[in-house]
Structures are given as structure tokens and as C-alpha cells.
1. For the subset of region 35-53 comprising residues that are surrounded by 12 or more Cβ atoms within 10 Å (Cβ to Cβ) and small (Gly, Ala, Ser), which member is nearest to Ser95 (Cα to Cα)?
2. I'm checking my understanding of the structure. Among residues of region 109-130 that are touching a Leu at 6+ places or on another chain (Cβ under 9 Å) and surrounded by 11 or more Cβ atoms within 10 Å (Cβ to Cβ), which one is nearest to Glu20 (Cα to Cα)?
3. Might you check whether a residue that is free of Cβ contacts under 8 Å to residues at least 40 places away in the same chain, part of a helix (DSSP H, G or I) and over 13 Å from the mean Cα position of the chain (by Cα) occurs anywhere in region 113-121?
4. Pairs needed: first member in region 36-48, assigned to a helix (DSSP H, G or I); second member anywhere, open to solvent by 50 Å² or more (accessible area, probe 1.4 Å); C-beta distance under 6 Å; at least 6 residues apart or different chains.
5. Could you please let me know if Ser31 is modelled with pLDDT under 75, assigned to a helix (DSSP H, G or I) and loosely packed, with under 11 Cβ neighbours inside 10 Å?
6. Go through (1) at pLDDT below 85; (2) β-branched (Val, Ile, Thr); (3) loosely packed, with under 11 Cβ neighbours inside 10 Å and name the single condition Val133 misses.
7. Step by step: first the residues of region 162-189, then only those that are over 14 Å from Arg69 (Cα atoms) and surrounded by 16 or more Cβ atoms within 10 Å (Cβ to Cβ), then the one that is modelled with the highest pLDDT. Which residue is that?
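The values are calculated or read from the model by the stated rules, or taken from the named source; none is laboratory data. A quick note: this is a predicted structure, and the numbers were derived from the prediction, not measured. Positions of Cβ are backbone-derived with ideal geometry, glycine not excepted, and every protein chain shown enters the neighbour counts. Note: accessible area is taken over every heavy atom of the protein model, side chains too, but ligands, DNA and RNA are not part of it. Shrake-Rupley method; radii C 1.70, N 1.55, O 1.52, S 1.80 Å.
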Amino acid sequence: MTNYGAIPTSSHPSPAIDLEYISRAKHRIKSGLATRRPWKSMFDIESMTLPHGFFDAISRIKTNLGYFRANYAIGVLFILFLSLLYHPTSLIVLSILVVFWIFLYFLRDEPLVVFGYQIDDRTVLIGLSVLTVVMLLLTHATSNILGSLLTAAVLVLIHAAVRRSDNLFLDEEAAAVTEASGLMSYPSS
């Protein structure tokens, strides 16, 4: 007798997808994007003034880099993306490299183990950096990429110096991250 309505079952369990890893990655990406500040606040015309001097500019840059770091990262990636629109091969290579960086460096909780050997973060960082440089050199878009990164860095520094920082308030968690990253600005007395 044939059982047409039955759902086929297997005696071998299907390979389990590591849902916990995906969930952690999703959480980290969301928490990273949660630090993004409103664009309206970032480009508030009334908060744009020239600094009073060199030390005022440095103080503003330190504060604004800490406060708007996620916005600046998005802006740099957008400028890099725009520079690669006419180099589709480089765009594909960069996309693949970004995936490598995300999974092998940024989202990894445990040490990387290859063939039974544990690889430390510094080695992973150096390896990914070398791989990135070599791959981008092979795509013949290196000057494009370096030009876009230089342009982005100049734009970020100009914005950070011109955007007044006295009306920005870091919450305790962001202040701790900023302090730990060495970007803490100290009030002048």
C-alpha cells in the first residue's frame, strides 16, 4: 500500500546550521549600526563653524570621530563603492574581501583554528591585509581605491573639524568605547 500523503523522513539527521553564530553575527551588525547617529544631526548647518584654533580643531576632530564613527564608516564605504562602479571586477573582489574580513576578523569570537593550529588575531590581521593589498593590486584599480580613500579621509577630517562638538552628548557606553580607542577629548581647564 502506498502512502501518498506521508512526509518523507530520513534516518540521518540533516547537518545543523549554526543558527547561534548567525544570530550573534546579526546582533553584532545591528549593534554596530545602532551607533549610527541621525544624518540630520550630523549635517546640522547651525552646528557648522570654523574652529577657533588648532587645538579647538583637534578637540572637535577627536569628539566628532568618536560620536559619528559609524556615519563616517558608512560614508567612506559609500565613496569607495562609487569609485569602483566603473571597475566591476574590483567591486566584486572588494565585496568578497569584505566578507572575508567580516567573518574571519570582525565577527569571530573564538580563535581561528586551521589544520589543528590556533592562529592569533595579529596573524589573521596581517594575512587579511596582505591578501587585500595583493588582490586589489591584481585588479588594476589600486589608484582608484587609494584616491577614494584619501578623498574620504580628507572629507571626514574637514567635517569633523568644522562640526561644533559642544552640543553632542556621548552616552556612557559610547564614551567608554571612545576612551578605550584613544579618541577621548579632555576638557581644557
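1. Only one residue fits best here, namely Ser41.
2. Top of the filtered list is Leu112.
3. Among the residues of region 113-121, at least one is free of Cβ contacts under 8 Å to residues at least 40 places away in the same chain, part of a helix (DSSP H, G or I) and over 13 Å from the mean Cα position of the chain (by Cα), which makes the answer yes.
4. From residues that are assigned to a helix (DSSP H, G or I), the pairs are Ser47/Arg164.
5. The answer is yes for Ser31.
6. (3)
7. Val162
Each row is one residue, and each column tells you yes or no for (1) of a type in the set (D, E, K, R); (2) within 30 Å of Glu46 (Cα to Cα).
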{"site": "Ser95", "(1), (2)": "no, no"}
{"site": "Asp120", "(1), (2)": "yes, no"}
{"site": "Ser129", "(1), (2)": "no, no"}
{"site": "Met135", "(1), (2)": "no, no"}
{"site": "Leu149", "(1), (2)": "no, yes"}
{"site": "Ala152", "(1), (2)": "no, yes"}
{"site": "Ala161", "(1), (2)": "no, yes"}
